[in-house]
Amino acid sequence: MDRLNIVQKTLMTLTLAFMVLVVVIPLLFFITVSFSSATDMTEFPKRLLPTRSVTVYIEPVEGDTYELFYDYGRGDGYTSIITTGVADRLETHFQRQYSVSVSGDKLLEDFSRTRIEGPMTFSYKKDAFYNFKQFFRIIPNAAPALKNSIIVSLYTILISLTLGSSAGYVIARYRFAGREQLNVALLIVRMFPTVGISIPMAVMLIKMGLFDTMLGLALLYSIPNIALTSWITSSIFIGINKEMEEAAWIFGASRVRTFINITLPLAFPAMAASSMYSFLTAWNDTISALILTNENQTLSLVVYKAIGTTSSGIQYAAAGSIVLILPALVFTFIIRKYIGQMWGGVEL
Amino acid sequence: MKHTHRIPKEIMPYLLLFPVFLYYAVFWLVPVLSGVKEVFTTLDGTFSLFSNFRLMASSDLFGQAVFNTAAFAVLSVLIQYLIALLLAVLLNRKFSGAKLLMFASMIPMAITPTATAILWKTGLMKDGWINTILMGMHLIQVPIVFLNAEQFSAVLLLIVVDSWTVTPSIMIILIAGLQGLQKDQKEAAYLFGANKWMIFRDVTLPTLKPSITTSIIMRMIAALQVWAISVMILGYSKAPFLVERVAFYVDAIPGVDTSTKLAYTYSFMTTIVVLLATVVYLKVSRKTGHQEKEAS
């Protein structure tokens, strides 16, 4: 009954292609921006794929100077950019404007050919990671922030998983007075916006000496995530065959042993999924990090501060964002198998 | 059976839950109470029921922040949900591109909001890639200056950005719900002469209800707290939201006594709104909720 006719098949393929395009095209353009030089950024229309090299047109001028022309691709041909014979100026210009790292002396040496052969074009390979280097160079806070983000995410996963899955197990397996109230309470803390507690939390963490620390930040991020973890795992624990657990008890296994050997492996996908949520909460948050940290910023906060409210130099912020995105993607990629199992036995 | 029982069974759940209780008592209840205390005391420390709310209501852009937050939450959830449901139903088959789809759908969800904001800012700039695409397809002749969007169009712009981010993951959640659908359930329905629409309405939708419930709750809560994309794409005060105001008073004008009070009050207000949305939602879905509990 699941055989598709040709119309359904076409419709599905189109939907699929549309989905992938809508997700991928903005990403491609964005990645290209992160590899774009300052000059590339002034170009319009924008390229879908980054350029690997830059071409300039050089005319020898009287004395030791050269006039440099660049074609912006607007159809008006080469535009005069600068006229100079100073090695340092050329080097800086090539680095800032074209992301090309070539020494000024080498440039002058190349250009001297025009004295004999007349005006000509020169192509130079771009330093592909110029924006990335620049991001970490402009913002001295960026490298420690990357480390901080990893630490706070791990803390959050650890706290949420330990406390959350034990609560999830209790809710799934025990009938006790206050179980309903507990469910409601967990729902409330899960929904509770972290921004609502961030400011008083800051005051409290200052008293505890945990302000501006990653542990302090993780304590906040764990508030919704413990509840979320318990909710995700409890529904899985309910689904796990109770007869199997009971069989294990009959064969003399203790409740703890049964939990470790039978229940936990079965619940692993759920725990992996909730860890992903914990990670994403910690990694992606900016507002609480803004309130709860001072010197020890997280990467997401650094990227937020990098852009300010202008668009100039956005290619550096874009490069920083790529650094921010990558670990999140890798993490998602690592646990995709478990998400797939949750998803209903789809192998990914 | 071995009888090495050390702890009575009745106490066990409470014992296991004790660390969780303790955690929430210290790190949730205490800050919440002190936050509430701040909201109901004036700058000189005397109790006042309304003074901070009056301060907030008379602060710049209060009305707009409330309206924008409500509009954003309702519209974005509605739009994303309808698109995701449509896509989920269309794509709920075993097909060769499933891996690719899953992978691509996971990307926007995995991207940090601050990075999403920068991604879209590079698109929304006058010489950005959105104008490149639109002009390349000859849909427009002159570049649109998206970043000058004001008032409601600014909110709509942010809804588009938000939808790009979360719709694929909502779709994944819904497909997950659909995959949980027992095949024999469907076959049985066919056997009894049900048509496709009846199966969708009576078998598929009820199966999806739990995943629908969860995704709507999650989305609403997140949508009510939108701020990063607003501030980073448009700047402070261009498209004010409740949490955007909190960030504004913490980040843009820190250190002033009234801005601290305003930040407290705005975050209190956000909390109340989020909790109200939760309660309203639970009331609406109470019926299904009870059925689920009885079934489990």
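The values are calculated or read from the model by the stated rules, or taken from the named source; none is laboratory data. Please read all numbers here as calculations on a predicted model, not as lab measurements. So basically every Cβ, Gly included, is an ideal-geometry build from the backbone, and we count neighbours across all protein chains shown. The accessibility values were calculated without ligands, DNA or RNA, using every heavy atom of the protein model including side chains. Shrake-Rupley method; radii C 1.70, N 1.55, O 1.52, S 1.80 Å.
Kindly indicate whether A:Phe30 is within 9 Å of another protein chain (Cβ to nearest Cβ), surrounded by 13 or more Cβ atoms within 10 Å (Cβ to Cβ) and in a helix (DSSP H, G or I).
Yes: the conditions hold for A:Phe30.
For region A:170-197, which residues satisfy the criterion of being facing chain B (nearest Cβ under 7 Å), farther than 15 Å from B:Tyr24 by Cβ and assigned to a helix (DSSP H, G or I)?
Correct list: A:Val195 only.
Report the residue count in region A:86-132 for those that are assigned to a helix (DSSP H, G or I), open to solvent by 60 Å² or more (accessible area, probe 1.4 Å) and in contact (Cβ under 8 Å) with a residue 60 or more places away in the chain.
Residues meeting the conditions: 1.
Only one of these is buried (at least 22 other Cβ atoms within 10 Å of the Cβ) and part of a helix (DSSP H, G or I): B:Ala154, B:Ala117. Name it.
Of B:Ala154, B:Ala117, the one residue that is buried (at least 22 other Cβ atoms within 10 Å of the Cβ) and part of a helix (DSSP H, G or I) is B:Ala117.
I'd like to check which helices (runs of 4 or more DSSP H) are fully inside region A:213-291 and have at least 3 residues that are touching a helix residue (DSSP H, G or I) at 6+ places or on another chain (Cβ under 7 Å) and away from chain B (no Cβ under 13 Å).
Counting at least 3 such residues, we get A:264-284.
Which one of these does A:Val195 not meet: (1) free of Cβ contacts under 8 Å to residues at least 60 places away in the same chain; (2) surrounded by 22 or more Cβ atoms within 10 Å (Cβ to Cβ); (3) aliphatic (A, V, I, L, M)?
(1)
Quick check: is even one residue across region A:46-55 under 18 Å from B:Pro143 (Cβ atoms), open to solvent by less than 70 Å² (accessible area, probe 1.4 Å), free of Cβ contacts under 8 Å to residues at least 40 places away in the same chain and among the charged types (D, E, K, R)?
yes
With respect to A:Phe135, determine if the residue is within 14 Å of chain B (Cβ to nearest Cβ) and either under 29 Å from A:Thr332 (Cα atoms) or without any contact (Cβ under 8 Å) to a residue 60 or more places away in the chain (or both).
Considered against the rule, which asks whether it is within 14 Å of chain B (Cβ to nearest Cβ) and either under 29 Å from A:Thr332 (Cα atoms) or without any contact (Cβ under 8 Å) to a residue 60 or more places away in the chain (or both), A:Phe135 comes out as yes.
Would you check if B:Val246 is closer than 24 Å to B:Val160 by Cα, touching a Phe, Trp or Tyr at 6+ places or on another chain (Cβ under 9 Å) and at pLDDT 90 or above?
On the way: closer than 24 Å to B:Val160 by Cα: yes; touching a Phe, Trp or Tyr at 6+ places or on another chain (Cβ under 9 Å): yes; at pLDDT 90 or above: yes.
Judged against the criteria, B:Val246 is a match.
Residue by residue, here is whether (1) touching a helix residue (DSSP H, G or I) at 6+ places or on another chain (Cβ under 8 Å); (2) under 26 Å from B:Pro108 (Cα atoms) holds:
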{"residue": "B:Met137", "(1), (2)": "no, yes"}
{"residue": "B:Ile140", "(1), (2)": "yes, no"}
{"residue": "B:Phe146", "(1), (2)": "yes, yes"}
{"residue": "B:Ile159", "(1), (2)": "yes, yes"}
{"residue": "B:Ser163", "(1), (2)": "yes, yes"}
{"residue": "B:Ser169", "(1), (2)": "yes, yes"}
{"residue": "B:Ile175", "(1), (2)": "yes, yes"}
{"residue": "B:Gly193", "(1), (2)": "no, no"}
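All but one of (1) open to solvent by 20 Å² or more (accessible area, probe 1.4 Å); (2) at negative phi hold for A:Gly77; state the number of the condition that does not hold.
(2)
Is there a residue in region B:33-56 that is of a type in the set (A, V, I, L, M), farther than 30 Å from B:Val155 by Cα, within 14 Å of chain A (Cβ to nearest Cβ) and free of Cβ contacts under 8 Å to residues at least 24 places away in the same chain?
yes
What pairs come out if I take residues in region B:217-236 that are more than 8 Å from every other protein chain (Cβ to nearest Cβ) and touching a residue at least 60 places away in the same chain (Cβ under 8 Å) and pair them with residues that are of a type in the set (D, E, K, R) and open to solvent by less than 10 Å² (accessible area, probe 1.4 Å) whose C-beta lies under 6 Å away, six or more apart or interchain?
Here the result reads B:Ser230/B:Glu244; B:Ile233/B:Lys121, each pair linking region B:217-236 to a residue that is of a type in the set (D, E, K, R) and open to solvent by less than 10 Å² (accessible area, probe 1.4 Å).
With respect to A:Gly209, is the statement that it is surrounded by fewer than 13 Cβ atoms within 10 Å (Cβ to Cβ), modelled with pLDDT of 80 or more and not aliphatic (A, V, I, L, M) true?
yes
Filter region A:58-74 down to the residues that are farther than 30 Å from B:Gln141 by Cα and open to solvent by 60 Å² or more (accessible area, probe 1.4 Å), then identify the one that is nearest to the other protein chains (Cβ to nearest Cβ).
If we filter region A:58-74 for residues that are farther than 30 Å from B:Gln141 by Cα, which is where we start, we get A:58-68.
Still in the running and open to solvent by 60 Å² or more (accessible area, probe 1.4 Å): A:59, A:62, A:64.
Details: A:Glu59: 28, A:Glu62: 36, A:Asp64: 36 Å.
The extreme case among them is A:Glu59.
Count, please, the residues in region B:79-89 that happen to be open to solvent by 60 Å² or more (accessible area, probe 1.4 Å) and in contact with an Asp or Glu (Cβ under 8 Å, 6 or more places away or on another chain).
Qualifying residue count, region B:79-89: 0.
For region A:153-175: of the residues being of a type in the set (Phe, Trp, Tyr) and crowded, with 16+ Cβ neighbours inside 10 Å, which is farthest from A:Asn284 (Cα to Cα)?
For region A:153-175, the residue satisfying everything is A:Tyr169.
Name the residues in region B:29-78 that are closer than 27 Å to B:Gln151 by Cβ, β-branched (Val, Ile, Thr) and either modelled with pLDDT of 95 or more or buried (at least 16 other Cβ atoms within 10 Å of the Cβ) (or both), would you?
The answer is B:Val66, B:Thr69, B:Val77.
Restricting attention to region A:35-53, and to residues there that are part of a helix (DSSP H, G or I), more than 9 Å from chain B (Cβ to nearest Cβ) and of a type outside the set (D, E, K, R), which single residue is nearest to the chain's Cα centre (by Cα)?
Checking each candidate, the answer is A:Ala38.
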